[in-house]
Amino acid sequence: MSTLLGDYDALKFGALLQDIGKFLEYAGITETDKIDCGRVRYSHPKIGSNFLKLLNLEPAIIDLVLYHHDPNVVKDRNNSYLCKIIQLSDWLSSGERKETEEEIKTTREYPHLVSIFNEVVIEKQIEVSYEDALKYKMAPLNFDDADTIFPEKEIKGKYKDILSDFRKDITTELNGKKDINRLLFLLQKYWWCVPSATWWQGGKYIPDVSLFDHSKTTCAIASCLYKQGITEKELDELIAKKEGAWKEQKLFCLIHGDLSGIQNFIYTIKTKSAAKSLKGRSLMVVLLQRFIAEHILKKLDLPLSNLIYSGGGHFYILAPKNLCEQDFIKEMRKEINKNLKTYTKLYLTLGHVDICPEDFIKENFAKKWKAAAEETSKQKMRKYEEFECDEIFKPFDEGGEKEICSICGKELKDDDAEILKDDDAEIKICKSCKQFMDISGYLKQIQDKGYFEISELNKRFEMLKSFDTIFDGKIFLNPSGGVPFFSIPMGIPIIQENDGKKIKEFKQLAEDAEKDTGTKKIAVLKMDVDNLGKIFTKGLGGNATISRVSTLSNMLSLFFEGYINNLIEKSYKKDIYLIYAGGDDTFIVGRWDKMIHFAYDVYQNFRKYTCNNPDITLSAGLVIVSPTYPLRRAAEMAENELDEAKRVEQGNHKKNSLCIFNQPLKWCIKEDKSVNDFEMVERIENILLECVRDWNAPRQLIQRVNVSSRGLKKALKNKNKEKNHGIDINDYWRLKYYFHRNYKDKDGQWKYPKIETLIDVIYEEIINRNLYSKEVNYDINLISIAARIAELKTRGEKDV
């Protein structure tokens, strides 16, 4: 029996909706009497199929949902075959379920999804308790509501609260033109916080994988098995777990794509109109990553469910092995890189590894994830091998005395020059930079409308036309707007001028900072997650299956690609320029005085978002520069600062730092049992600012504190561990005398009340901890950093 949709389409819908009954059952729907269920063992297939029948879905899809646990009950031979594919796919995806011995004390109506971040452990494995774990509240996915995506210990809410909207949306979606990819986004919107495991039965499973991720990976696996042309006999052997079958049959291929050259592409621009061009370039990278992945999926005739992860210039695709022979990978790489080479210096590497059913179980999938990335790294060493030599080593440009683009430095040809007014002067730019500037203006419209259109992007970016995407209509920025949705880095500071709203240039951001501080500077910030490779390959231990890896990667992307946009919009929209946010890292430019606090704001929220897990931390590098300083060089400096932050290792405090002025500052939360250099810098900085601004102390005070910190460093450097508690007693008292001589009046009273507090902080909390504590200590350099920040913030102050 053939369905109206066709077997392949029916299979995809059946695989994606196979567990819809679980969500309905959670919400209190138990009707199963309107459909002949035969010998079906479980309740959720009956509930789900009955619900879908009421929506007038094709009988074949209803059968696949009803019998996906009992394929031998199906009378129709063809539907039985498809049911077996879903059954096996469900098993392979369900390898994610983690057993727990405790009996979970909650009702069937109120199971909540445990955050996957509770379970990441790099050093040693721990058992996660449902009662103690942080969980997500029941609410549709919404990037504008931070409370929705942050886990909490005490969670309230019922599935019934979202059932009405879900019923309405899915009825509309399935009654219209059926699109498996739109349905995928709809399920993500409602099922991202719904647990997939029916763990309440004796507390057998801990609910740490969402129903969305389980359904998505089930659909991905089922699509591969069908396209692989697996026979019913092979299915029966795998379902029966015939000896050797799960290890011998290489049925799948994991493709890893890596878009390299991103930094050179984004940052190789001069200062003229840099901000506008920069935003267009960073948007291009985000779009290219997604467009290329969708292009490959369409070539393979696979749904979007098979895009297991996409972010930070990387993507992973699960594909059938028979379609991923070496020639296909090579031709795909050549086609894509030919298009990229025409317009940019970006390059796509594609690595792939074969996968058998056994590789979906326990830690095996994490090993394959790592192996695919390693294959990509090897391929990077052979860039452009898919091209003939004369295609690569041929002359480019014309040379001689030629005009160049004032933004990117590219040689201008007669038909490639555009005239641009910049600061009342005319400059020449290339057409590509003009496109990037124009798209930055288009971003303002996107921000107002809440969506963008693929057709409009294709008009504005010629290179995007080369890629055949899955969607061709509206793409919303937030699930609350509609489906499909795709978050892109916005964070555009706007200025109102006579001729309308315009994007602030870096110079204008620096001028805003100068008004408040007297210092005309901007800051460049780079942040990324510490030990990300270990988190994926080791952090989930023996439970790193496809659904867990999918959940972990998607939840990380949700913070960087969704939440940070929201944070900037609410608290920093006039001051910060979100250049790039993807996967696990960010690149941001803004007012220097706001960026320091922004970095800590992101850090604190990231730790809360990841359940305050000590093995999931964030490091950052920040540089303060002139707004005319070459951005590429500033980005390199920020990268160097980030590298320095990741070298921190003091006791149990490793990485987990911000580096500024070439000096790493440890930051932490109270659960880390460490010291927070960053907060100590803020304390000292605020004391100095109060002295200058509120007590009319001369700014020379700040310089004197800076000088005194050098003496402190010398005293501690010359310490002798065998006497005087590890410090030169002469240096110690000389510094005490220095403070009293300079900061007390003739009557022995402190000239500035806060100085006494400052001395207490320096001596009691910083020096004494260094002398007597065997734990992690404050860095003595933080005093100098605090003084430098205070000096920058008071350049606009006049000495009395």
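Listing for the model above:
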{"read-out": "Residues of the stretch 317-368 satisfying the condition of being out of contact with any strand residue (DSSP E or B) (no Cβ under 7 Å at 6 or more places or on another chain) and open to solvent by less than 50 Å² (accessible area, probe 1.4 Å)", "value": "Asn339, Thr344, Cys356, Pro357, Asp359, Phe360, Ile361, Asn364, Phe365, Ala366"}
{"read-out": "Filter result for Ile535 (open to solvent by less than 10 Å² (accessible area, probe 1.4 Å), in contact with a Pro (Cβ under 9 Å, 6 or more places away or on another chain) and closer than 23 Å to Gly313 by Cα)", "value": "no"}
{"read-out": "Considering residues of the stretch 648-660 that are within 13 Å of Leu618 (Cα to Cα) and part of a loop (DSSP other than H, G, I, E, B) only, the residue most open to solvent (accessible area, probe 1.4 Å)", "value": "Lys655"}
{"read-out": "Flag if Phe328 is assigned by the TED database to the domain that holds Ile454, outside any helix (DSSP H, G or I) and of a type in the set (Phe, Trp, Tyr)", "value": "no"}
{"read-out": "Criterion violated by Pro489 - all others in (1) closer than 21 Å to Tyr609 by Cβ; (2) at pLDDT 90 or above; (3) in contact with a Leu (Cβ under 6 Å, 6 or more places away or on another chain) satisfied", "value": "(2)"}
{"read-out": "Looking only at the stretch 735-769, and only at residues there that are assigned to a helix (DSSP H, G or I) and touching a strand residue (DSSP E or B) at 6+ places or on another chain (Cβ under 8 Å), the one that is least open to solvent (accessible area, probe 1.4 Å)", "value": "Tyr743"}
{"read-out": "Test: residue in the stretch 587-599 that is at pLDDT below 95, closer than 21 Å to Leu532 by Cα and surrounded by 24 or more Cβ atoms within 10 Å (Cβ to Cβ)", "value": "yes"}
{"read-out": "Answer from Asn72, Asn56 - the residue that is assigned to a helix (DSSP H, G or I) and either closer than 16 Å to Ala10 by Cα or free of Cβ contacts under 8 Å to residues at least 24 places away in the same chain (or both)", "value": "Asn72"}
{"read-out": "Pair list, Cβ < 8 Å and 6+ apart or interchain, from the stretch 775-799 residues that are more than 16 Å from Ile687 (Cα to Cα) to residues that are open to solvent by 30 Å² or more (accessible area, probe 1.4 Å) and of a type in the set (Val, Ile, Thr)", "value": "none"}
{"read-out": "Matching residues in the stretch 438-457 - criterion: being open to solvent by 40 Å² or more (accessible area, probe 1.4 Å) and in a helix (DSSP H, G or I)", "value": "Asp438, Lys444, Gln445, Gln447, Asp448, Lys449, Ser455, Glu456"}
{"read-out": "Glu388 modelled with pLDDT under 85, open to solvent by 90 Å² or more (accessible area, probe 1.4 Å) and farther than 23 Å from His256 by Cβ", "value": "yes"}
{"read-out": "Among the residues listed as Leu278, Leu304, the single one being outside the structural domain of Asp528 (by the TED database) and either closer than 20 Å to Lys216 by Cβ or among the β-branched types (Val, Ile, Thr) (or both)", "value": "Leu304"}
{"read-out": "Residue in the stretch 600-618 that is modelled with pLDDT of 95 or more, more than 16 Å from the chain's Cα centre (by Cα), crowded, with 20+ Cβ neighbours inside 10 Å and closer than 23 Å to Ala786 by Cβ present", "value": "no"}
{"read-out": "Count - residues of the stretch 498-528 that are part of a strand (DSSP E or B) and crowded, with 21+ Cβ neighbours inside 10 Å", "value": "6"}
{"read-out": "Test: residue in the stretch 219-234 that is in a loop (DSSP other than H, G, I, E, B), without any contact (Cβ under 8 Å) to a residue 24 or more places away in the chain, more than 30 Å from the chain's Cα centre (by Cα) and at negative phi", "value": "yes"}
{"read-out": "Any hit, the stretch 653-663, residues being among the basic types (Lys, Arg), touching an Asp or Glu at 6+ places or on another chain (Cβ under 7 Å), outside the structural domain of Ile762 (by the TED database) and within 27 Å of Asp512 (Cβ to Cβ)", "value": "no"}
{"read-out": "Enumeration of residues in the stretch 684-699 that are open to solvent by 20 Å² or more (accessible area, probe 1.4 Å) and outside any loop (DSSP other than H, G, I, E, B)", "value": "Asn686, Glu690, Arg693, Asp694"}
{"read-out": "Selection status of Ile419, at pLDDT 75 or above, part of a strand (DSSP E or B) and within 36 Å of the chain's Cα centre (by Cα)", "value": "no"}
{"read-out": "Among (1) acidic (Asp, Glu); (2) more than 19 Å from Ile546 (Cβ to Cβ); (3) assigned by the TED database to the domain that holds Val65, the one test that Glu243 misses", "value": "(3)"}
{"read-out": "Ile454 vs. criteria of a type in the set (A, V, I, L, M) and free of Cβ contacts under 8 Å to residues at least 40 places away in the same chain", "value": "yes"}
{"read-out": "Residue that is nearest to Asn781 (Cα to Cα) [pool: residues in the stretch 661-672 that are in a loop (DSSP other than H, G, I, E, B) and free of Cβ contacts under 8 Å to residues at least 24 places away in the same chain]", "value": "Asn662"}
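For (1) of a type in the set (Asp, Glu); (2) surrounded by 18 or more Cβ atoms within 10 Å (Cβ to Cβ); (3) touching a Gly at 6+ places or on another chain (Cβ under 7 Å), each residue gets a yes or a no:
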residue	(1), (2), (3)
Leu631	no, yes, no
Glu641	yes, yes, yes
Asn662	no, no, no
Lys666	no, yes, no
Glu682	yes, no, no
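The values are calculated or read from the model by the stated rules, or taken from the named source; none is laboratory data. What you see is a predicted model, and the numbers here were worked out from it, not measured in a lab. Note: ideal-geometry Cβ built from the backbone for every residue, glycine included; neighbour counts use all protein chains shown. Accessible surface is based on the protein model in full, side chains and every heavy atom, while ligands, DNA and RNA are left aside. Shrake-Rupley method; radii C 1.70, N 1.55, O 1.52, S 1.80 Å.
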